[in-house]
């Protein structure tokens, strides 16, 4: 993939960027017609070193279910994802191989794309995958710096994407914003 400045442009810019999932304005999401929230798992909802959601995240997701359909989409294996979501009663897609389109297509065949937002912590999997499907996407800071080697590979590429976006005044780490309409 050629990551020249022209190619990266607006394509890799998240629609919104927040410190974590708790900072997102979910009332605004509902107001603009979002009905389905698709969450990444690792380093968005839980660190790679944990096996179950912290109670504050679990309660938060359960509370969001009052207003939204919650969907989990992860590159992690089924055992990990199913264990994490076991008592949340949400639809879960695992081994998704983001940014590939397979599981995005499965989800978007069930739900209207205009009513969906994807929330994740990585440019090269979460942002790229959702943007390839022309979905709204929210970036959050990762929960932990402890990551497996394959994720560190993606982070190296992410570093260059962020550098290009910063040079174009499109994105800067820790300068949070909300451009969802």
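The values are calculated or read from the model by the stated rules, or taken from the named source; none is laboratory data. Bear in mind the structure is a predicted one, so any value in this text is a computation, not a measurement. Cβ sites come from the backbone with ideal geometry, for glycine too, and all protein chains shown count toward neighbours.
Inside the stretch 85-106, can you point out the residues that are out of contact with any strand residue (DSSP E or B) (no Cβ under 6 Å at 6 or more places or on another chain) and either in a helix (DSSP H, G or I) or farther than 23 Å from residue 47 by Cα (or both)? First the steps, then the outcome.
Of the residues in the stretch 85-106, the ones out of contact with any strand residue (DSSP E or B) (no Cβ under 6 Å at 6 or more places or on another chain) are 86-89, 94-95, 97-102, 104-106.
If the condition is that a residue be out of contact with any strand residue (DSSP E or B) (no Cβ under 6 Å at 6 or more places or on another chain) and either in a helix (DSSP H, G or I) or farther than 23 Å from residue 47 by Cα (or both), then 101, 102, 104, 105, 106 are the ones that fit.
Return a yes/no flag: does the stretch 48-67 have any residue that is modelled with pLDDT of 95 or more and within 21 Å of residue 133 (Cβ to Cβ).
no
Does the stretch 62-84 hold any residues that are without any contact (Cβ under 8 Å) to a residue 24 or more places away in the chain and surrounded by 13 or more Cβ atoms within 10 Å (Cβ to Cβ), and which are they?
Pass one, the stretch 62-84, residues without any contact (Cβ under 8 Å) to a residue 24 or more places away in the chain: 63, 66, 77-79, 82.
Hit for the stretch 62-84 is 82, nothing else.
Report whether or not residue 162 is touching a helix residue (DSSP H, G or I) at 6+ places or on another chain (Cβ under 9 Å), part of a helix (DSSP H, G or I) and surrounded by fewer than 19 Cβ atoms within 10 Å (Cβ to Cβ). Step through it out loud before you land on a result.
Numbers: touching a helix residue (DSSP H, G or I) at 6+ places or on another chain (Cβ under 9 Å): yes; part of a helix (DSSP H, G or I): yes; surrounded by fewer than 19 Cβ atoms within 10 Å (Cβ to Cβ): yes.
So residue 162 passes the test.
What number of residues in the stretch 12-52 are closer than 20 Å to residue 86 by Cα and part of a loop (DSSP other than H, G, I, E, B)?
Residues meeting the conditions: 11.
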